[in-house]
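This report concerns only the one structure given below.
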Amino acid sequence: MDVIVAKVGAPVGLKGYVRLEIRTDNIRERFAKGNILRPSNPKLAPLTVKGLRKQGAKIVAAFEELENPETAANYRGCELLVDSDETAEPDAYYPHQLRGLKVLDLDGQEIGTVTELIFSVGQEILEIKLHSGKVVLLPFVLELVPEVDLDAQSVTVDPPAGLFELEAGEE
């Protein structure tokens, strides 16, 4: 199973370093020197980790194959993948596990579908498309998402009052 570990951002400096949006809790293991990461674009070559460092609040990576800003720019926007048979920790989920799950309210009524898991600075956020067509963002925290049932292909939510209400004029 392919697992996304990062998304490549802008080149940094003249040596081909790139900014990364990290998508894994296992940073040290996934980005250990010598590890090979596969870009989501099959036309691009795999990347061998050379080093990783923090630059302020950002993560900057060096890869053997990226020697200058021009080659680094070709990878901008690519997701970096690893093949993993690992199961997530309890109460930790990969985006592909959540996409398409039915969203149920506390009464068990289906109200929409999970369309994405968004990685944010403070916490992950569920993007949910309601049956009305409205898209809402819900922090992916236990208080608001008390149950994820992968076997039943559903998540149960307890949103703040008014979040899922129809806007004026909607039916």
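The values are calculated or read from the model by the stated rules, or taken from the named source; none is laboratory data. Bear in mind the structure is a predicted one, so any value in this text is a computation, not a measurement. Glycine also receives a Cβ, built like all others from the backbone with ideal geometry; neighbour counts cover every protein chain displayed. For the accessible areas, the whole protein counts, side chains as well, though only heavy atoms, and no ligand, DNA or RNA atoms are used. Shrake-Rupley method; radii C 1.70, N 1.55, O 1.52, S 1.80 Å.
Given a 1.4 Å probe, how much area per residue of the chain is accessible, in Å²?
On the way: 10250 Å² over 171 residues.
Per-residue value: 60 Å².
Stretch Glu116-Glu21 to full length: gain in nm at 0.36 nm per residue minus the Cα-Cα span?
Numbers: separation 95, 0.36 × 95 = 34.20 nm, distance 1.62 nm.
Separation in residues times 0.36 nm, less the Cα-Cα distance, equals 32.6 nm.
In the stretch 118-167, taking the dipole from charged Cβ atoms about the Cα centre, the farthest positive-side position among Val135, Phe119, Phe164 is held by Val135. Percent of C-alpha pairs per 10 Å bin in the chain, short distances first: 9, 33, 26, 20, 10, 1. Using 0.36 nm per residue and subtracting the Cα-Cα separation, the extra length available between Lys134 and Ala73 on full extension is 18.4 nm.
Just check the stretch 17-90 against the gyration tensor rule for me: Cα atoms, a ≥ b ≥ c as the square roots of the eigenvalues, rounded for a/c under 1.5, and otherwise prolate or oblate depending on whether a/b exceeds b/c. Judged from the Cα gyration tensor, the stretch 17-90 comes out oblate (a/c at least 1.5, b/c at or above a/b). Straight-line cross-link partners of Lys134 among the lysines, defined as a Cα under 29 Å from its Cα and at least 8 positions apart when in the same chain: Lys7, Lys102.
Would you mind calculating the gained length between Leu44 and Glu165 on full extension (0.36 nm times residue separation, minus the Cα-Cα distance), in nm to one decimal? Please report the intermediate quantities before stating the final value.
Details: separation 121, 0.36 × 121 = 43.56 nm, distance 4.46 nm.
Length gained, Leu44 through Glu165: 39.1 nm.
Using the Cβ-Cβ distance between Glu64 and Leu150 with R0 set to 45 Å, the FRET efficiency from 1/(1 + (r/R0)^6) comes to roughly 0.75.
Take the Cα of Asn35, step 7 Å toward its Cβ, do the same at Ala92, and the gap between the two points is 1.2 nm.
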